[in-house]
Each structure stands twice: as structure tokens, then as C-alpha cells.
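One structure below.
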Number of protein chains: 2
Amino acid sequence: MKEAPNKCDCEKCDVKEMFYEHVEEQHIEVVCNIKIEKAFKKGDMIIEEGKPIESFIYLKSGLVKLFKHREDEKGQIIIIAKPFDFVNLLSVFSDTNYNYSVTALEDSVTCNLDLDYIKDMIRANGEFALSIMKKISKVSDTIILESLTVRKKNIHGRVAYILLFFADQIYEDKYFELPLNRREIAEFIGKTTENVIRTLSEFRKDGIIKIFGKFIEIVDKEKLQQISDFG
Amino acid sequence: MKEAPNKCDCEKCDVKEMFYEHVEEQHIEVVCNIKIEKAFKKGDMIIEEGKPIESFIYLKSGLVKLFKHREDEKGQIIIIAKPFDFVNLLSVFSDTNYNYSVTALEDSVTCNLDLDYIKDMIRANGEFALSIMKKISKVSDTIILESLTVRKKNIHGRVAYILLFFADQIYEDKYFELPLNRREIAEFIGKTTENVIRTLSEFRKDGIIKIFGKFIEIVDKEKLQQISDFG
DNA sequence: GTCATAGTATGATAAATATCATAACTTTAT
DNA sequence: ATAAAGTTATGATATTTATCATACTATGAC
């Protein structure tokens, strides 16, 4: 992890837009000055469960996973966050310490703003407050409703769902490199590693996907969608 | 459902406290005047999936369930909300329509505030905004983290967990009437009705609980806790 | 009351998934 | 280059859970 020079030059940054829309010019400059960018290598720990929440963290580039660590047993992945998602979406405003960890699945850069400063901005600017609430609620909603969606699927449905998630929402390509190993996919969908592997093999045998190690090519997307929807 | 006279006399109302702490006297009076109390009978629909979100709804008394309706299949219960929990915690600030329903499990009374009015208050008062965010985030966090907790348990663990949930968090008594039938418990923990019934029977045979129809008495709480923790 | 309906209960069986075992293949460290 | 460790893969088996079938019980409508 290393710190990078500060600039407010990211396109598509919702936070910046919120500021531009609702905050006066001189405050924006302050934000751009106090924000700290941090670069992480694949596998690096970005947030550690139990540590105090001191920053408002936003993903500028890369890909990260939020997960709960489990002593003996296997962990549980809560969500995969992509650029311009909040990284510390949970607990930021409701708790003092993180109750989940975040690590980088790919080389990633985060934007970090002092949480007290953001809180001051919220206090000072209700319109900004409303924008932040909207954004944060949206993320929580998505997690809750998607977890319900996944919960009712069998393992075929869940694996199909994950493959389509990466193809459509993350990489926007039917050919991509899985950022998770099979064990992590299992932790994400709540099934065992062996059965994830088995299911991928079955999809391969049925000609629905091609597997080259961590690289996946979706051959019959319609079929995969069908398995995801009805599985 | 019937409307009741408006008063701001509820003890323990977080919303009122938020107002008292952060809003000027004259505004509080306005809130108390515009708020509408609605009474619902057990089984009544409070919020219907798909309908527009127009109010900020707070549970004053009773017990409700939030759930997603599923056409053909069985539904899915998202959470049981008790008094002073927000009822429309999800989507209030992030969506225009409800994507879940709420019904009364017991006779219930809700406090309804015009959502646009609350939004105006948030815009006008950042400190109030921060209080609301804190409260809403807390509820979302709880749902997400508890669903992860439940997800890793087998059916014995899940049923034990639910029984302890009602005993400890809702009724604060080892003897209570289940507000859900067996099918609904199944919808809550994501298992089949038959297996919920079977598990309850096993707990009864093992002398862990006593069953009198919908009434449950927890006999060996320590054992039940153990099953919940390690099951 | 009694009829219909929903809810509770239990057993038998089928299906899904986990666990255990083993091996080939990859990556990492030395 | 090689050993060690981790990952992917597959089969055999055990366990868990769902499904199907069938009663029995409670509840509400008439």
C-alpha cells in the first residue's frame, strides 16, 4: 500500500458530484486537498475487522471483496465492490468499529476522506446529507435484496448467477478472469468448494462455459441465464 | 386499519428524540400535528410491494414482518420489526417504490410522516440528518450481518436461533406465543415447513422446549443456545 | 354443529449437498 | 530446480434437506 498525490480529477466520482452539486466552491477545494489516495496490491488488506472506523472510503479503481472472517471455519463474502462503490458502506454512520474486512482482489486505489470531516459536511449541508443517504441506502438495499435472490437458488443457480455477475456487472465481457478462486466463490454463494468446482465442470461438459484455469468464457449465455433464473 | 388522534406522547420514540435534540421547538409542534397514526389488525397489510413510497413509517406498537412476495413459490421474510424500529427502513431514501411488503403479526400502530416533509427537515437540519442516517444504517447493518449469521447454520441451528430471537429480543420471556406459523418460520430461515415442524418436534422430544400449539416454553435455554451457536 | 380449509405432525423416499479421499496441476519459496 | 503448499479436479459415500403421502387437529364460515 502506498499513498498517491491528491487530485480531484476522477471522472464518474459520485462523491465529487455530490460535492459539486451541493457544496460551495471553496469547500470542494478543501475536500480535494484533504482526501488521501491509497494504492493497494492484489491481496492487500484494506480494512481489518475490529479496527476503528475513521475514514470514509471510496473505491477509485480495482476490485475488492467485503467479508467476515471466521476463526476455524471458512469466511463469508458479503459483497464484491467495484469502482465508485463505497467500500465501507456498512457501519460507517452506525458503528465505531468495522465488523467485516476488505481486501483487494485486483490492484486497487481508494479515496479516503476523514470521517469527521464528512460528518461536518453533512451537518452543515442537508442537501449533501440527502445525497449521501440515498447512495448508502441504495447499496444496503442491493445487498439485502440480492442475498434474498441468491438464497432461494440451488447450487447450479448460484454458480450461474455469479458467473453472470462477473460477466455483466464487473467485466462486461463474456470472457474474463475470475478474481476469486473456487474456495472464495464458495464463500460468496454459501456452498462448498468441491461442489462449486463440480458445478463449473458440469457447465463445461454441457458446453455452457469454457474453463482455462481462472479464465472463463461464457459460451451459451442464454442457457446460463436460464439456470440462474430457474435454478 | 383506522386512524387515531395525533399526539406526540410516545415514550422511547427515537424519532421524537431526534427532533427534540436537533430541531427547534416550533418545528416539533408541526411534526406532531402532521403525523398520522394508523392502527392495524393482526394480518393487515401495512405496506404493499410495488406501491410508491410516500411516508416515513415508524412502528409505535405491535409487531410486523417485512417480506418479499413470490408468485408461485413461497415468500421470504426479510425481518421482524418491533416497536420503535423503522418499518420502511429499506428504500425510503433510495427508491420510489417499495420492493417488499409489510404486514402486521400482531395488532399494530404506526406513526406516519410525510416523506417529503422529512426530506425537507433533513435538508434544513444536518444534525437531524446524521441521526436518521445512523438509525437507518444500523437497521440495514443488522439485517445484513444477521443474515450472514443465519446462513452458516444448519436447520437445527436456525430454528434454535429463531426461538431465542423471539424469547430474548421480542418477548423477553422463555414462555411466549409464536407470532409466526410454521410456514412463516420456514420462510424466515429459508428451510421447508415440514423440516421446521420436525425440528421443533425433536427439540420437544429432547426436552429442550415445550410446545402448546403456537405457545412455546423454552425449558433448557443453555442447550438451545448451544445448538444455535454451533448448529 | 358440521363442513371446508388451513395448519400441524410424522413417515418414507428422493434429491441435493457435504464430507472424505485421492490425485493432478500451479504457484511459491528456497 | 526442486520441495512444499495451495488449488483444481473427481469419485465414493454420508449426511442433510426437500419432496411426497397421509393423518390428525384447530379454526372459521355457514
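Every number here is computed from the coordinates shown, using simple stated rules; none is lab data. None of these values were measured; they are calculated from a predicted model. No Cβ is skipped: glycine too gets one built from the backbone with ideal geometry, and neighbour counts run over all protein chains shown.
Enumerate by residue number the GluC sites (Glu not before Pro) in region B:144-200 meeting two conditions: DSSP loop (anything except H, G, I, E, B), and at most 16 other Cβ atoms within 10 Å of the site's Cβ.
Hits after loop and neighbour filter: B:172.
Test of understanding: in a Gaussian network model of chain B with alpha carbons linked when under 10 Å, which of B:124, B:39, B:160 would top the mean-square fluctuation ranking?
Looking only at B:124, B:39, B:160, the biggest GNM fluctuation is shown by B:124.
With the Cα gyration tensor of region A:153-230 giving a ≥ b ≥ c as the square roots of its eigenvalues, does the rule (a/c under 1.5 for rounded; else a/b larger than b/c for prolate; else oblate) give rounded, prolate or oblate?
Because its axes are fairly even, with a/c under 1.5, region A:153-230 counts as rounded.
Relative to the present Cα-Cα distance, how much length would full extension add between residue B:32 and residue B:211 at 0.36 nm per residue of separation? Write down the numbers at each step before the final one.
Numbers: separation 179, 0.36 × 179 = 64.44 nm, distance 4.38 nm.
Gain in length upon complete extension: 60.1 nm.
Using only Cα atoms and rounding to the nearest 10 degrees, what angle (0 to 90) does helix B:126-151 make with the longest principal axis of chain B?
Taking Cα atoms only, the helix is inclined about 10 degrees.
Before anything else, pin down the relative contact order of region A:153-230: Cα pairs under 8 Å, at least 6 apart, normalised by residue count, whole percent.
Result for region A:153-230 is 40 percent.
Sort the protein assembly as shown into rounded, prolate or oblate with this rule: let a ≥ b ≥ c be the square roots of the eigenvalues of the Cα gyration tensor; rounded if a/c is under 1.5, and if a/c is not under 1.5, prolate when a/b is larger than b/c, oblate otherwise. Each step should come with its number before you reach the end.
Values: a/c = 1.80, a/b = 1.03, b/c = 1.75.
It comes out oblate by the Cα gyration axes.
Within 10 Å of each Cβ of B:97-106, how many other protein chain Cβ atoms are there on average?
Shielding by partners across B:97-106 averages 1.
Go ahead and set up a Gaussian network model of chain A, Cα springs under 10 Å, then flag whichever of A:157, A:43, A:207 fluctuates most.
With Cα springs under 10 Å in chain A, the top fluctuation among A:157, A:43, A:207 is at A:207.
For the pair residue B:230/residue B:61, report the inter-label distance in nm, with labels modelled 7 Å from Cα in the Cβ direction.
My value for the distance between the label points is 4.3 nm.
Hey, what's the Kirkwood Rh for chain A if you take every pair of different alpha carbons, in angstrom?
19.0 Å
Return the subset of A:191/A:223; A:35/B:65; B:119/B:152; A:68/B:51; A:12/A:68 for which the Cα-Cα distance in this structure is over 32 Å, preserving the input order.
Listed pairs above 32 Å: A:35/B:65; B:119/B:152; A:68/B:51.
So how tilted is helix A:25-34 from the main axis of chain A? Cα-based, degrees 0 to 90, rounded to 10.
That helix lies at roughly 60 degrees to the long axis.
Give the average, rounded to an integer, of partner chain Cβ atoms located within 10 angstrom of each Cβ in A:176-182.
0
Roughly speaking, what is the stretch gain from residue B:54 to residue B:197, that is 0.36 nm per residue apart minus the C-alpha to C-alpha distance, in nm to one decimal?
Length gained between residue B:54 and residue B:197: 47.6 nm.
Note the angle between two axes, namely the Cα long axis of helix B:115-124 and the longest principal axis of the Cα atoms of chain B, as a number of degrees from 0 to 90, rounded to the nearest 10.
Long axis of B:115-124 versus the principal axis of chain B: about 60 degrees.
Quick one: A:159, A:150, A:87, fewest Cβ neighbours within 10 Å first, how do they rank?
By the 10 Å Cβ count, ascending, the order reads A:150, A:87, A:159.
Mind putting a number on the dipole of the protein assembly as shown about its Cα centre? Charges go on the C-beta only, +1 for Lys and Arg and -1 for Asp and Glu, and I need it in Debye to the nearest 20.
2020 debye
Identify unpaired cysteines across the protein assembly as shown, taking unpaired to mean no other cysteine Cβ lies under 4.7 Å from the residue's Cβ.
A:111, B:111
Looking only at other chains, what is the average number of their beta-carbon atoms within 10 angstrom of each beta-carbon in A:117-129? If you can, show how the numbers build up before the last one.
Values: counts 0, 0, 4, 2, 1, 6, 7, 2, 3, 11, 6, 3, 10.
The per-residue average across the peptide is 4.
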